[in-house]
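Engineer: Before I ask anything, let me first share the structure, which is written out below as structure tokens.
The values are calculated or read from the model by the stated rules, or taken from the named source; none is laboratory data. Because the structure is predicted, anything quoted here is derived from the model rather than measured. Ideal geometry is used to build each Cβ from the backbone, glycine not excepted, and the neighbour counts take in all protein chains shown.
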Amino acid sequence: MENTRDLDLVWLVDDLKPIFGLIKNTKILITGASGHLGYYILHFFLKCNRDLNLNISITTTSKGILQKDFAMFRNDLQHIEGDVTSTSFVNSLEKFDTIIHLAGYAQPSKFMGDPDSTIRSNTLAVTGLINKINSNGRFLFISSSEVYANSGFKTNNELSVGTINSSNPRSTYVYSKLLGESLCNFYSNSRNLDAKVARLSMTYGPGIKQGDTRALSQFLFQALKEGQVKLIDQGMALRQYLYVSDAVSALLKILFLGEQNLYNIGSGSVGDISIADAAAKISHLTNTKLILAEDNLNLLSSQPQVNLDISRFEYEFGRLSNINFNEGISRTISWLNQQQ
């Protein structure tokens, strides 16, 4: 049976044909390539380079086992392990035509537990990496739907942000993302640099890691390894979960073809689903026991709802979410079973 992630990559190659002429004979740097999204993006570029002979020079800086995972592409990939928040390390890098900055924590338990690294990866790293862009180059910074926390709006477009108290354990993540956005905007205006920002909602799909502490990942691993799905609260919060290949497609269209500098990326209002309903769907698809909680603890101080207006993206590129939640979860479960 063909690997589910490989099928996603085949779709991505077909979907992203318009960018091929823009990436041919260029140098690309991807930070955070050992993470869920970065891994997919790296695999996409490597596949395009091999199958379409695009002569791309591809570099990653991630810590991890990328050389082992991508052994078949060893002649096309330069892996320089290092910390992009270190000025000396970034200064040692050559210049690139495209930099995609994905390094940093996305899991609440991690960015709340290490605020110093969170701030540096969204600020110092942005400044250092932007200075490694060739003239007429491109830069992509991944921001977050977390910037809309407590906005009070029914839906949030790119012109608004929320408010969060500095005592909130998520504040360093939110404010550092906004500072990263501000830096991209400054360099875009002062240097005429093509710096794009994507405010991204939650993503999921094949390739999720065993140590991923986010609710959806935990439900999947519980179902397949423990035979149950257990909620730690009542799961009333609403989320917009976006399948990983849809997220990769959207991010690369923004980077290479987008007319604006800032975009919301999520499943839109049609993709809203409560955490409890997501858990129930996983329980049903895996034929496992669903264990509900009596209390609504909200241990990680998360938003009750994520409302992204994705009309800016869809006006330019058409429908953002091509894989609905039921299909996406089924594909993810299939991939996890294949790994076992």
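Engineer: With surrounded by fewer than 23 Cβ atoms within 10 Å (Cβ to Cβ) and among the hydrophobic types (A, V, I, L, M, F, W, C) as the only criterion, which of Ala250, Ala237, Ala223 stands out?
Structural biologist: Selected residue: Ala237, the only one of Ala250, Ala237, Ala223 that is surrounded by fewer than 23 Cβ atoms within 10 Å (Cβ to Cβ) and among the hydrophobic types (A, V, I, L, M, F, W, C).
Engineer: Quick one: in the range 196-245, which of the residues that are of a type in the set (D, E, K, R) and under 24 Å from the mean Cα position of the chain (by Cα) is farthest from Ser330 (Cα to Cα)?
Structural biologist: Among residues in the range 196-245 that are of a type in the set (D, E, K, R) and under 24 Å from the mean Cα position of the chain (by Cα), the one farthest from Ser330 (Cα to Cα) is Lys196.
Engineer: Still on this structure, I have one more. Which count do you get for residues in the range 272-309 that are within 26 Å of Asn168 (Cβ to Cβ) and either hydrophobic (A, V, I, L, M, F, W, C) or modelled with pLDDT under 90 (or both)?
Structural biologist: 23
Engineer: Here is a further query. Let me spell it out: the conditions are (1) surrounded by fewer than 19 Cβ atoms within 10 Å (Cβ to Cβ); (2) closer than 25 Å to Thr60 by Cα; (3) touching a residue at least 24 places away in the same chain (Cβ under 8 Å), and Phe139 meets all of them except one. Which number is the exception?
Structural biologist: It fails just one condition, (1).
Engineer: Please specify each residue of the range 249-293 satisfying the condition of being part of a strand (DSSP E or B) and over 20 Å from Ala215 (Cα atoms).
Structural biologist: Leu262, Tyr263, Asn264
Engineer: If Ser201 meets every condition in (1) modelled with pLDDT of 90 or more; (2) within 21 Å of Ser117 (Cβ to Cβ); (3) surrounded by 19 or more Cβ atoms within 10 Å (Cβ to Cβ) apart from one, which number is that one?
Structural biologist: The failed condition is (2).
Engineer: If you don't mind, there's one more thing I want to ask. Would you please name the residue that is modelled with the lowest pLDDT, looking only at residues in the range 104-121 that are surrounded by fewer than 19 Cβ atoms within 10 Å (Cβ to Cβ) and outside any helix (DSSP H, G or I)?
Structural biologist: Here the answer is Gln107.
Engineer: Here is a list of conditions, (1) basic (Lys, Arg); (2) under 20 Å from the mean Cα position of the chain (by Cα); (3) at pLDDT below 95, and Arg312 meets all of them except one; can you say which number that is?
Structural biologist: Status for Arg312: all satisfied but (3).
Engineer: Further, regarding this structure: Just one of Asp6, Asp69, Asp14 is over 30 Å from Thr213 (Cα atoms) and more than 17 Å from the chain's Cα centre (by Cα); which is it?
Structural biologist: Answer to the selection: Asp14.
Engineer: Related question: Which of the residues belonging to the range 18-31 are farther than 14 Å from Val248 by Cα and in contact (Cβ under 8 Å) with a residue 24 or more places away in the chain? Please lay out each step first, then the result.
Structural biologist: Taking the range 18-31 and keeping what is farther than 14 Å from Val248 by Cα, we get 18, 20-29, 31.
Matches in the range 18-31: Pro18, Phe20, Leu22, Ile23, Lys24, Asn25, Thr26, Lys27, Ile28, Leu29, Thr31.
Engineer: Now, a different point. Collect the residues in the range 209-248 that are assigned to a helix (DSSP H, G or I), under 20 Å from Asn287 (Cα atoms), small (Gly, Ala, Ser) and in contact (Cβ under 8 Å) with a residue 24 or more places away in the chain, keeping them in residue-number order. Can you show your working first?
Structural biologist: Taking the range 209-248 first, the residues assigned to a helix (DSSP H, G or I) are 215-226, 244-248.
After this cut, where a residue has to be under 20 Å from Asn287 (Cα atoms) as well, the list is 215-226.
Imposing the further condition that a residue be small (Gly, Ala, Ser) reduces the set to 215, 217, 223.
Result: Ala215, Ala223.
Engineer: Is it fair to say Tyr187 is outside any loop (DSSP other than H, G, I, E, B), within 22 Å of Thr98 (Cβ to Cβ) and aromatic (Phe, Trp, Tyr)?
Structural biologist: For Tyr187, the condition - outside any loop (DSSP other than H, G, I, E, B), within 22 Å of Thr98 (Cβ to Cβ) and aromatic (Phe, Trp, Tyr) - is met.
Engineer: Let me ask something additional. Return the residues of the range 24-57 that are in a strand (DSSP E or B) and buried (at least 23 other Cβ atoms within 10 Å of the Cβ); say none if nothing qualifies.
Structural biologist: Leu29, Ile30, Thr31
Engineer: Does the range 147-172 hold any residues that are modelled with pLDDT of 90 or more and either in contact with a Phe, Trp or Tyr (Cβ under 7 Å, 6 or more places away or on another chain) or not in a helix (DSSP H, G or I) (or both), and which are they?
Structural biologist: Listed by number, the residues that qualify are Asn157, Glu158, Leu159.
Engineer: Tell me yes or no: at least one residue of the range 154-169 is touching a Ser or Thr at 6+ places or on another chain (Cβ under 7 Å), of a type in the set (A, V, I, L, M, F, W, C) and closer than 25 Å to Ser217 by Cβ.
Structural biologist: yes
Engineer: I've got another one for you. Leu179: out of contact with any helix residue (DSSP H, G or I) (no Cβ under 7 Å at 6 or more places or on another chain) and hydrophobic (A, V, I, L, M, F, W, C), yes or no?
Structural biologist: Against the criterion (out of contact with any helix residue (DSSP H, G or I) (no Cβ under 7 Å at 6 or more places or on another chain) and hydrophobic (A, V, I, L, M, F, W, C)), Leu179 does not qualify.
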